[in-house]
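What follows is one structure encoded as structure tokens, with my remarks underneath.
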Amino acid sequence: MESRRSWVEHIMGLPISVLARGDGADSGRADAAVRDVFAELTEADRVFSPYKAGSAVSLLARGELTWDRVDPVVREVAERCAVARESTDGLFDADVPGGTWDPSGLVKGWAVEQAGERLREVVDVDWCLNAGGDVLVVCPSGEPFTVGIQDPRDPGRVVASVPRIGGAVATSGTAARGPHLYDPRTGQSVASRWLSVSVSGPSLECADVLATAAFVAGDDWPKMLLAGYEGLGVLADGNLSATAGWGRL
């Protein structure tokens, strides 16, 4: 029987879990890679959390830090947010009402994608990294993990699943955190008959951004998906709607 091992830490206000599968799952190399992942995500939280008084995001909001003095990594994330805004026709926007900058909708996917490179270095292990429901999969064996999509009406249920041998699945909606997303077109909280939109594709950073933009788009959410990305929407009445390629490896 193949070895399996899991790790869990609470980072970014979320449970971050890692599942390892394969002959090297119990190795010191695997453990060290996971510890590096947790350390990188902790550092990203220190820099970008809007809930930490000393983060760059909080300092910028209070005017105690100016853009000409930010660390290069902050400027890099700001540039990525600008690209995301352009690629989603403005439906993803890190400039939030009140004149503040909040890159949270991109940072989690970006940080997990970056940290996940540590896992790729352990080539005899399949990995499933779950950051509060946004999932990164690395399967050098070619055997997929099955990623479940949570029922936004009942956190204890799964409404669908998708097999992945690589890449990512990200979900956006209001079930877990309430109406925290806003529509840049109106400056108001998103009002939608959709409870969640999940996006599957090569990059977690991109899937996370597209899921946010798709949820904001409402009934037009499939139009937000870029080439190589597929989606699944869950309506308030429980009905599902998926793009043609959803479920393919």
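Summary table below
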read-out	value
Residue that is nearest to residue 169 (Cα to Cα), among those in region 194-205 that are free of Cβ contacts under 8 Å to residues at least 40 places away in the same chain and buried (at least 23 other Cβ atoms within 10 Å of the Cβ)	199
Residue match in region 44-51 (condition: crowded, with 17+ Cβ neighbours inside 10 Å and touching a Leu at 6+ places or on another chain (Cβ under 9 Å))	no
For residue 241: the one exception among (1) within 28 Å of residue 50 (Cα to Cα); (2) more than 14 Å from the chain's Cα centre (by Cα)	(1)
Top-ranked residue of region 153-172 - restricted to ones that are touching a Ser or Thr at 6+ places or on another chain (Cβ under 6 Å) and either open to solvent by 20 Å² or more (accessible area, probe 1.4 Å) or at pLDDT below 85 (or both), ranked as nearest to residue 96 (Cα to Cα)	171
Single residue of 99, 187, 178 found to be open to solvent by 70 Å² or more (accessible area, probe 1.4 Å), on the phi > 0 side of the Ramachandran plot, at pLDDT below 95 and of a type outside the set (S, T, N, Q)	99
In region 13-51, residue farthest from residue 65 (Cα to Cα) [restricted to those that are without any contact (Cβ under 8 Å) to a residue 40 or more places away in the chain and more than 20 Å from the chain's Cα centre (by Cα)]	26
Condition met for residue 143 (part of a loop (DSSP other than H, G, I, E, B) and either surrounded by fewer than 22 Cβ atoms within 10 Å (Cβ to Cβ) or within 19 Å of the chain's Cα centre (by Cα) (or both))	yes
Per-region count, region 97-125, residues charged (D, E, K, R) and in a helix (DSSP H, G or I)	5
Residue list for region 123-134, filter: open to solvent by less than 10 Å² (accessible area, probe 1.4 Å) and aliphatic (A, V, I, L, M)	125, 129, 131
When residues of region 228-239 are limited to those that are free of Cβ contacts under 8 Å to residues at least 60 places away in the same chain, open to solvent by less than 30 Å² (accessible area, probe 1.4 Å) and not in a loop (DSSP other than H, G, I, E, B), the one nearest to residue 166 (Cα to Cα)	231
Residue check for residue 31: assigned to a helix (DSSP H, G or I), under 30 Å from residue 214 (Cα atoms), charged (D, E, K, R) and open to solvent by less than 50 Å² (accessible area, probe 1.4 Å)	no
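Per-residue answers, yes or no, for (1) outside any strand (DSSP E or B); (2) at pLDDT below 95; (3) open to solvent by less than 50 Å² (accessible area, probe 1.4 Å):
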residue: 191; (1), (2), (3): yes, yes, no
residue: 207; (1), (2), (3): yes, no, yes
residue: 211; (1), (2), (3): yes, no, yes
residue: 226; (1), (2), (3): yes, no, no
residue: 241; (1), (2), (3): no, no, yes
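So that you can scan it fast, the table gives a plain yes or no per residue for (1) out of contact with any strand residue (DSSP E or B) (no Cβ under 8 Å at 6 or more places or on another chain); (2) open to solvent by less than 40 Å² (accessible area, probe 1.4 Å):
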{"residue": "57", "(1), (2)": "no, yes"}
{"residue": "62", "(1), (2)": "yes, no"}
{"residue": "68", "(1), (2)": "yes, no"}
{"residue": "75", "(1), (2)": "yes, no"}
{"residue": "108", "(1), (2)": "no, yes"}
{"residue": "120", "(1), (2)": "no, no"}
{"residue": "136", "(1), (2)": "no, yes"}
{"residue": "148", "(1), (2)": "no, no"}
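A quick yes/no check of all residues on (1) among the aliphatic types (A, V, I, L, M); (2) over 30 Å from residue 24 (Cβ atoms):
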{"residue": "118", "(1), (2)": "no, no"}
{"residue": "128", "(1), (2)": "no, no"}
{"residue": "165", "(1), (2)": "yes, no"}
{"residue": "168", "(1), (2)": "yes, no"}
{"residue": "193", "(1), (2)": "no, yes"}
{"residue": "217", "(1), (2)": "yes, yes"}
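The values are calculated or read from the model by the stated rules, or taken from the named source; none is laboratory data. Quantities reported herein were computed from a predicted structural model and do not represent experimental measurements. Cβ sites come from the backbone with ideal geometry, for glycine too, and all protein chains shown count toward neighbours. The area values use the complete protein model at the heavy-atom level, side chains included, leaving out ligands, DNA and RNA. Shrake-Rupley method; radii C 1.70, N 1.55, O 1.52, S 1.80 Å.
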